[in-house]
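Notes for the one structure printed next.
The values are calculated or read from the model by the stated rules, or taken from the named source; none is laboratory data. Bear in mind that the values here come from a model prediction, so they are computed numbers and not experimental data. Glycine also receives a Cβ, built like all others from the backbone with ideal geometry; neighbour counts cover every protein chain displayed.
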Amino acid sequence: MKMTMRWFGEENDRIPLEHIKQIPGVEGVVWSLHDIPAGDEWPMERISEVKEQADRHGLNIDVVESVNVHEDIKLGLPTRDQYIENYIKTIEKLAKVGVKVICYNFMPVFDWTRTDLFKEMEDGSTALFFENEKLKNIDPMELVNTISENSAYTMPGWEPERLAHLADLFEKYKNVTEEDLWDNLQYFLEKVIPVARENGIKMGIHPDDPPFSVFGLPRIITNKQNLERFLKLVDDPCNGLTLCSGSLGANPENDVADMVRTFADRIHFAHIRNVKTYGNGDFIETSHRTQDGSVDIYEIVKAYHEVGFTGYARPDHGRHIWGEECRPGYGLYDRGLGVMYLWGVWDSLQRLGKEVN
Ligand SMILES: O=C(O)[C@@H](O)[C@@H](O)[C@H](O)[C@H](O)CO
Ligand SMILES: [Fe+2]
C-alpha cells in the first residue's frame, strides 16, 4: 500500500507540502489543476510546475484526482468527441511527468453532495453531513449556494461558473436514463482506456457520493453489481476503480471489504474513510476508527492486506478538529490521524503475518 495525501495546490490549499511530508509514510500528493474547467486540455507548463513543487519536497505526483469529465460526455452529446480528444491529450501529457493513476467520476451535474459542511458532533468537532429529508425538500440552487457560501475555497465539483447554468443542466438530463448513462460511459471508456494503456496510466473511477440518485439525476457507480458491470464495459486492467469506502459505505447494504476481495486487481486507488449511517439515509463523516462509524475500516484494511494490495491509498475526508480552519473535509489534523490509524492496522497485520509464516 502506497500512502498519499490529497493536496489542492500551492495557492489553493492552506496546508504546505512541508507539513504533508511530515506525516509518517506519506510518499506522494494526490493533485489536480482545479482551476481548469472540465473538458479543457491541461497546459504542460502547469503540469510540470506541480511536478517541480512536489519534487522539491521529495513527494511523488503519481496520482491525479481529478481530470473531470465534461457534462457533454456524460450526456452523450455530439460535442463530446472534442472533449474526449482533450481528455486524451491531457492523459498523454500527464504520462510525460510520470503520472500512474487518474481518478475521475461519472456523476451527472454534482460531485459529492452534503447538506451541511460543518455539522457539530458531540465532541465539538465538525464534519460533513447528509440529511436525506432536507435534500428532498431543498431546491438544488439553494444547495449550491450553501456549499459555495460556506467555503473559503471553490469546491471541486461545485464550480459556480458551471452551476450557474443549473436549470439548463437539469433540463438536459431530463430524458437521460441510467441506461443512457451506461452507454455514454462505455463510449468514453472505449476511447480513453486504450490511450491510458499505451501511456502506462491506470484509470480509477470514483463511486457516486452518496451512492444513490439525488434530485432525480441518474447515478450508476453505486454498488457491487454495478461495479462488476462497469469493469466489464471495457475489460482491461487499466479500466479500474478508486474504491471509496466512505462513498459506498453511505449505503449500509454495501460491503466494502467484500468488494476489496472481489475486485482486488482492478483497484488502483483506495479512498479510506468512515461514515456513520442512521438508517434513514442520513450519514455523517466520522474519524477513521472502526468504532466511531458504521463502516468496518479495520476489516477493509485487512482485506487490502490479504489481497496484497500494492496500489495507492489515501485517507479520504476527515473531521475538522483542534480549531483548524480548512477546506471542508480536507484538514491536516484528522486526515493525519487517519493515516496513522491505517498504518497502525496495516503494520500490525504485516507483523502478525510474518509471525504466522
Ligand atoms: O469527496 C471527495 O472529496 C472526493 O472523494 C471526490 O470529490 C472525488 O475527488 C471525485 O469524485 C473524483 O472525481
Ligand atoms: Fe472518495
Going by what's in this entry, would residue 339 be described as surrounded by 12 or more Cβ atoms within 10 Å (Cβ to Cβ), within 16 Å of ligand 2 (Cβ to nearest atom) and either of a type in the set (A, V, I, L, M) or over 19 Å from residue 274 (Cβ atoms) (or both)? yes
Hey, among the residues in region 320-357 that are among the aliphatic types (A, V, I, L, M) and at pLDDT below 95, which one's farthest from residue 121 (Cα to Cα)? 356
If residue 138 passes every condition in (1) within 16 Å of ligand 2 (Cβ to nearest atom); (2) more than 30 Å from residue 43 (Cα to Cα); (3) β-branched (Val, Ile, Thr) but one, which one does it miss? (1)
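Kindly provide the set of residues from region 308-330 that are more than 16 Å from ligand 2 (Cβ to nearest atom) and part of a loop (DSSP other than H, G, I, E, B), ordered by number.
Within region 308-330, 308, 309, 310, 321, 322, 323, 324, 325, 326 qualify.
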Keeping to region 195-216, report how many residues are at pLDDT 95 or above and surrounded by 15 or more Cβ atoms within 10 Å (Cβ to Cβ). 15
Looking only at residues in region 101-125 that are under 27 Å from residue 137 (Cβ atoms) and not in a loop (DSSP other than H, G, I, E, B), which one is nearest to ligand 1 (Cβ to nearest atom)? 105
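Looking only at region 184-211, which residues are away from ligand 2 (no atom under 16 Å from the Cβ) and within 21 Å of residue 75 (Cβ to Cβ)? Before the answer, list the steps.
Restricting attention to region 184-211, the residues satisfying the condition of being away from ligand 2 (no atom under 16 Å from the Cβ) are 184-202.
Within region 184-211, 184, 185, 186, 187, 188, 189, 190, 191, 192, 193 qualify.
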For region 178-285, give me every one of the strands (runs of 3 or more DSSP E) that falls completely inside it and has 2 or more residues that are in contact with a Phe, Trp or Tyr (Cβ under 9 Å, 6 or more places away or on another chain) and away from ligand 1 (no atom under 15 Å from the Cβ). 274-277
If residue 110 meets every condition in (1) out of contact with any Leu (no Cβ under 9 Å at 6 or more places or on another chain); (2) surrounded by 21 or more Cβ atoms within 10 Å (Cβ to Cβ) apart from one, which number is that one? (1)
Looking at region 57-89, which of the residues that are under 21 Å from residue 314 (Cβ atoms) and out of contact with any Cys (no Cβ under 9 Å at 6 or more places or on another chain) is nearest to ligand 2 (Cβ to nearest atom)? 68
Only residues that are in contact (Cβ under 8 Å) with a residue 12 or more places away in the chain, part of a loop (DSSP other than H, G, I, E, B) and either over 19 Å from residue 13 (Cβ atoms) or in contact with a Gly (Cβ under 9 Å, 6 or more places away or on another chain) (or both): list them for region 126-157, please. 131, 138
Based on this model, can you work out whether residue 353 counts as out of contact with any Cys (no Cβ under 7 Å at 6 or more places or on another chain), in contact (Cβ under 8 Å) with a residue 60 or more places away in the chain and not charged (D, E, K, R)? no
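Farther than 30 Å from residue 144 by Cα, of a type in the set (S, T, N, Q) and crowded, with 17+ Cβ neighbours inside 10 Å: does that describe residue 239? Walk me through how you get there before you give the answer.
Values: farther than 30 Å from residue 144 by Cα: yes; of a type in the set (S, T, N, Q): yes; crowded, with 17+ Cβ neighbours inside 10 Å: yes.
Yes: the conditions hold for residue 239.
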Quick one: in region 292-326, of everything that is aromatic (Phe, Trp, Tyr) and within 19 Å of the chain's Cα centre (by Cα), which residue is surrounded by the most Cβ atoms within 10 Å (Cβ to Cβ)? 312
Can you tell me which residues in region 323-348 are of a type in the set (Gly, Ala, Ser) and within 13 Å of residue 13 (Cβ to Cβ)? 329, 331
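Going by the conditions given, is residue 128 in contact with an Asp or Glu (Cβ under 8 Å, 6 or more places away or on another chain), aliphatic (A, V, I, L, M) and either away from ligand 1 (no atom under 13 Å from the Cβ) or over 16 Å from residue 68 (Cβ atoms) (or both)?
On the way: in contact with an Asp or Glu (Cβ under 8 Å, 6 or more places away or on another chain): yes; aliphatic (A, V, I, L, M): yes; either away from ligand 1 (no atom under 13 Å from the Cβ) or over 16 Å from residue 68 (Cβ atoms) (or both): yes.
Considered against the rule, which asks whether it is in contact with an Asp or Glu (Cβ under 8 Å, 6 or more places away or on another chain), aliphatic (A, V, I, L, M) and either away from ligand 1 (no atom under 13 Å from the Cβ) or over 16 Å from residue 68 (Cβ atoms) (or both), residue 128 comes out as yes.
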